Number of protein chains: 2
Amino acid sequence: MIELVDPLRSGDRRALARLLTAVENERSGIDVALAELYPHTGHGWVIGLTGAPGTGKSSLVTELAKAYRKQGETVAILAVDPTSPFTGGAILGDRIRMRDLSGDKGVFIRSMATRGSLGGLARATRDAIRVLDAAGFDRILVETVGAGQSEVDIVRAAYTTVVIEAPGLGDDVQAIKAGILEIADVLVVNKADRPGVDSAVKALRTMLELGHPASREQLVTHHGKLVQSESLQPQHSQDIWIPPVVRTVATEGQGIDELLAAIEDHRHFLAEADRMKRLEAQHIQMELVDRVRDALVKQLFAGLPTSALDDIVRQVQSRAIDPQTAVNHLLAFRPVDVAK
Amino acid sequence: MIELVDPLRSGDRRALARLLTAVENERSGIDVALAELYPHTGHGWVIGLTGAPGTGKSSLVTELAKAYRKQGETVAILAVDPTSPFTGGAILGDRIRMRDLSGDKGVFIRSMATRGSLGGLARATRDAIRVLDAAGFDRILVETVGAGQSEVDIVRAAYTTVVIEAPGLGDDVQAIKAGILEIADVLVVNKADRPGVDSAVKALRTMLELGHPASREQLVTHHGKLVQSESLQPQHSQDIWIPPVVRTVATEGQGIDELLAAIEDHRHFLAEADRMKRLEAQHIQMELVDRVRDALVKQLFAGLPTSALDDIVRQVQSRAIDPQTAVNHLLAFRPVDVAK
């Protein structure tokens, strides 16, 4: 694997593809290669994009990639599908993109699907981003389908997170999950030529006003009463970033420049006052804790006699011992000298 | 806490409420109480119910509770809200229910919201179910909003999982996430008096046909070609359970008897051929692994010098060391004698 790092750095696409496959399959030797390329990371801007199926996410990502290419920037697209393999979402998106972006050597597209645990996918995503970063891409677009915890895991790797909505996806409440809104740096209402776009934008703005403590304070003006502002303008001053809401029609290329500008604004916001440094430190800390957790449990179970877990499960099931006592038993099995 | 276990078992509602609060807040002494009541668990039937906002989940759960009460069974409702506190979903649902179910001593309703990690909520949910189980409730309805990983965590505690959809929630693809379908033992299309119910039911059946390996085999009949069956009947024979699709109008009480029957069918299915025993063993094993993982990481970081993690994060950020090397450093810090 390590012999692929120099070719990767000189733009060899086969080396890139092989390293990504090794990351995805957790192949042996990949850790050494990742350690070797790690000093060359930290240059590409990582943009996370998430949205429910039906929001036109893939088209939007394709248009964004085309716009960056026009500016002369190289683009990598990493499509992460945390849902079941049989949805085939990522693959379908790729086919559409292949048609639009194929033949351009400044673009690289790659899908990754769930393999085992959600935690495994989060780790593979982070490592794949590093490989793409070391390969020298200016913009790394990490795309995922909106499915709860997985978006949060992607945010842990992205610098700017774009959440994509669309009008007419039924109940506004349905489309606008508070948890997803909270991770958004930029909000997009795609398919903005459809009916219901105004109410979708309004619903998003209301959620933002209620959700952001900063904006809430700002709105409480007269005698502590909440005043609804007609349109909440993005506030980039001080230490507050209020996600702008951008309307796009990806299939027509509409609003893409505005989206680019919003992402760029956020990048400038992070560049000020050590914010980027603090964000990266947070990301690293969360990653280390995640990986330590996985390593510890792997070590523990590797050191367990084969039947030990089964025996303990049986005892809990028969109500001979309670779960906490079982956990204590398992922890006591922990081998003491495999930490190195 | 332990002094509350006897009153709990004799039906004291104040003891029940206090134990649940202690579980929710991870109060000290709760582990001893949980160990004490654990032998008295395993009798109530735990039903998980999940669905997106707008599917009428709360009304359906209320109707289900009323139906069980009519049969003379006691019911506990545990509403778990894994989304941000400011949605207030769980609380709203409770108010509706309070009106319909208040004054009935055979019903107990309790909400739990996110407090810290998703893992913490999963653990609190499991423990709360045990408290309700030991209190002697015949049916324990665990309700959650559809938000990805959290449903999966709830499934780990429920015996029968009901996934609730509704027509007209926009794009069918949106409403029918493959990952959620995979956890369903019973599917409900609520608000079945609305337009679009037939296409919603059909979409669910198609997904089931594609998704279930068992049903897929069954459908491949002529020369290996996939034959679409008009309506896939539930198959309870052999070791295969194909989730039935039940139409309900909860606000009118329609279809509730059918839903009850479907849940009962699934309970009988699990009662055969040691299935319930195997399911419970799986649940226990997953719980033990989760809890061991949390305990290990807590131990490691408790044993770390205060500045050690910050120092290592800084080294990774400056690219002096790579993340894997950092993980190895952290693991080497692991104290060796705190396992007991």
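The values are calculated or read from the model by the stated rules, or taken from the named source; none is laboratory data. Everything numeric in this text was worked out from a predicted model, so none of it was measured. Note that each Cβ is placed from the backbone with ideal geometry, even for glycine, and that neighbours are counted across all protein chains shown.
Odds and ends about this structure:
- Yes/no for B:ARG139 being modelled with pLDDT of 90 or more, touching a strand residue (DSSP E or B) at 6+ places or on another chain (Cβ under 7 Å) and over 22 Å from B:GLU3 (Cα atoms): yes
- Yes/no for A:GLU36 being within 14 Å of another protein chain (Cβ to nearest Cβ), under 14 Å from A:ALA134 (Cα atoms) and surrounded by fewer than 21 Cβ atoms within 10 Å (Cβ to Cβ): yes
- Residues of region B:272-301 classified as of a type in the set (A, V, I, L, M) and outside any helix (DSSP H, G or I), total: 1
- Total residues in region B:102-125, condition at pLDDT 80 or above and either over 15 Å from the mean Cα position of the chain (by Cα) or assigned to a loop (DSSP other than H, G, I, E, B) (or both): 6
- Among the numbered conditions (1) on the phi < 0 side of the Ramachandran plot; (2) modelled with pLDDT under 95; (3) in contact with a helix residue (DSSP H, G or I) (Cβ under 9 Å, 6 or more places away or on another chain), the only one that A:GLY148 does not meet is (1).
- Note on region A:283-297: residues that are more than 7 Å from chain B (Cβ to nearest Cβ) and under 18 Å from A:TRP45 (Cα atoms) amount to 1.
- Filtering region B:12-33 to residues that are surrounded by fewer than 18 Cβ atoms within 10 Å (Cβ to Cβ), over 23 Å from the mean Cα position of the chain (by Cα) and at pLDDT 90 or above leaves B:ASP12, B:ARG13, B:ARG14, B:VAL32.
- In region A:1-11, the qualifying residues are those that are assigned to a helix (DSSP H, G or I) and in contact (Cβ under 8 Å) with a residue 12 or more places away in the chain, and the one that is surrounded by the fewest Cβ atoms within 10 Å (Cβ to Cβ) is A:ILE2.
- Test: residue in region B:251-259 that is within 30 Å of B:THR55 (Cβ to Cβ), within 8 Å of another protein chain (Cβ to nearest Cβ) and in a helix (DSSP H, G or I): no
- Evaluated against (1) buried (at least 19 other Cβ atoms within 10 Å of the Cβ); (2) assigned to a loop (DSSP other than H, G, I, E, B); (3) not β-branched (Val, Ile, Thr), B:PHE269 falls short on exactly one condition, (2).
- Residue that is modelled with the lowest pLDDT, among those in region B:270-291 that are aliphatic (A, V, I, L, M) and over 16 Å from B:ASP127 (Cβ atoms): B:ALA273
- In region B:302-322, the residues that are assigned to a helix (DSSP H, G or I) and more than 8 Å from every other protein chain (Cβ to nearest Cβ): B:ALA302, B:ALA308, B:ASP310, B:ASP311, B:GLN315
- Failed item, numbered, when B:PRO53 is tested on (1) out of contact with any helix residue (DSSP H, G or I) (no Cβ under 8 Å at 6 or more places or on another chain); (2) at pLDDT below 90; (3) within 11 Å of chain A (Cβ to nearest Cβ): (1)
- Per the listing B:ASP185, B:ASP193, the residue uniquely exposed (fewer than 15 other Cβ atoms within 10 Å of the Cβ), under 23 Å from B:ASP257 (Cα atoms) and modelled with pLDDT of 70 or more is B:ASP193.
- Annotation note: of B:GLU264, B:GLU280, the sole residue that is away from chain A (no Cβ under 14 Å) and surrounded by fewer than 20 Cβ atoms within 10 Å (Cβ to Cβ) is B:GLU264.
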